[in-house]
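A short write-up of the structure that comes next.
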Amino acid sequence: MRKTTNEPGTLLVESPVGPLMLHAAADGVTGLSLDGARMARARVDGTRDAAAHLDALASQLDAYFDGSRTEFDVPLALDGSSFQREVWHALRAIPYGETVSYGELATRIGRPGAQRAVGLANGQNPVAIVVPCHRVIGADGSLTGYGGGLERKRYLLGLEAGRTELPLLV
């Protein structure tokens, strides 16, 4: 079920992991926040392009949650440092259903030993799910911090692993 908000450039949608607040501007999606909370830093505007990005993302999220979509192709307009954007780009290269450690992600971007910095950039990811920060785990294979909570992370990884017995988290 989709809901609109009173603020242009935002759209509230329901999902199996709870309400998601989508944010967009004319140049692309700027945020996806869990729990339906407005992101303070997300740029938004009321342009027709922003509305089209929101509609496209909502449709792609529906397909992701029903198991028929494994990648997102909405335009993203992410504000962050060059290092953060580098990490977020690397996150998008992690294939659906796979996980990597923070150290492995640091190595992939050519910065071995920078796993803590990678973890911080991961935690600042403004577009959860689409930029799949949930696919990053601890070096020992354990689930580690996730801004949306470990239950959501467990759910998303289970969804991508094809587990059909997942409970709704809403």
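The values are calculated or read from the model by the stated rules, or taken from the named source; none is laboratory data. Quick caveat: nothing in here was measured; it's all calculated off a predicted structure. Note: ideal-geometry Cβ built from the backbone for every residue, glycine included; neighbour counts use all protein chains shown.
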Margin query: Tell me yes or no: at least one residue of the range 64-72 is surrounded by 15 or more Cβ atoms within 10 Å (Cβ to Cβ), farther than 20 Å from L159 by Cβ and without any contact (Cβ under 8 Å) to a residue 40 or more places away in the chain.
Written below: no
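Yes or no: I137 farther than 27 Å from D49 by Cβ, in contact with an Asp or Glu (Cβ under 7 Å, 6 or more places away or on another chain) and not hydroxyl-bearing (S, T, Y)? Can you show your working first?
Numbers: farther than 27 Å from D49 by Cβ: yes; in contact with an Asp or Glu (Cβ under 7 Å, 6 or more places away or on another chain): no; not hydroxyl-bearing (S, T, Y): yes.
When the stated conditions are applied, I137 does not pass them.
In this structure, is G141 over 16 Å from the mean Cα position of the chain (by Cα) and surrounded by fewer than 16 Cβ atoms within 10 Å (Cβ to Cβ)?
On the way: over 16 Å from the mean Cα position of the chain (by Cα): yes; surrounded by fewer than 16 Cβ atoms within 10 Å (Cβ to Cβ): yes.
Taking the combined requirement at face value, the residue satisfies it.
Output the residues belonging to the range 96-115 that are assigned to a loop (DSSP other than H, G, I, E, B) and more than 20 Å from R152 (Cβ to Cβ).
Residues of the range 96-115 assigned to a loop (DSSP other than H, G, I, E, B): 96-99, 109-114.
The answer is I109, G110, R111, P112, G113, A114.
Looking at the range 94-115, is at least one residue closer than 23 Å to A25 by Cα and of a type in the set (K, R)?
Taking every residue of the range 94-115 in turn, none turns out to be closer than 23 Å to A25 by Cα and of a type in the set (K, R).
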Item checked: Residues located in the range 14-49, provided they are touching a residue at least 60 places away in the same chain (Cβ under 8 Å) and part of a loop (DSSP other than H, G, I, E, B) -> E14, S15, P16, V17, G18, P19, D35, M39, R41, A42
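Kindly indicate the residue of the range 68-87 that is among the aliphatic types (A, V, I, L, M) and assigned to a loop (DSSP other than H, G, I, E, B) and also farthest from R41 (Cα to Cα) among those meeting that condition. Walk me through it before giving the result.
Within the range 68-87, the subset among the aliphatic types (A, V, I, L, M) is 74, 76-78, 87.
From what's left, assigned to a loop (DSSP other than H, G, I, E, B): 74, 77-78.
Working: V74: 20, A77: 12, L78: 11 Å.
Per the criteria, the residue is V74.
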Next item on the list: List the number of the failed condition for T30; all other conditions in (1) crowded, with 16+ Cβ neighbours inside 10 Å; (2) among the β-branched types (V, I, T); (3) at pLDDT below 95 hold.
Entry: (3)
Checklist line | Selected residue [loosely packed, with under 15 Cβ neighbours inside 10 Å, free of Cβ contacts under 8 Å to residues at least 60 places away in the same chain and part of a helix (DSSP H, G or I)] from A52, A90, A56 | finding: A52
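Please find, within the range 146-161, the residue that is farthest from P95 (Cα to Cα) out of those that are small (G, A, S) and modelled with pLDDT of 90 or more.
Within the range 146-161, the match that is farthest from P95 (Cα to Cα) is G158.
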Check: Does L105 fit the bill of being buried (at least 21 other Cβ atoms within 10 Å of the Cβ), touching a helix residue (DSSP H, G or I) at 6+ places or on another chain (Cβ under 6 Å) and in contact (Cβ under 8 Å) with a residue 60 or more places away in the chain?
Finding: no
Item checked: Every residue from the range 25-36 that is in contact with a strand residue (DSSP E or B) (Cβ under 8 Å, 6 or more places away or on another chain) and either over 15 Å from I129 (Cβ atoms) or assigned by TED's automatic domain parsing to the domain that holds Y146 (or both) -> G28
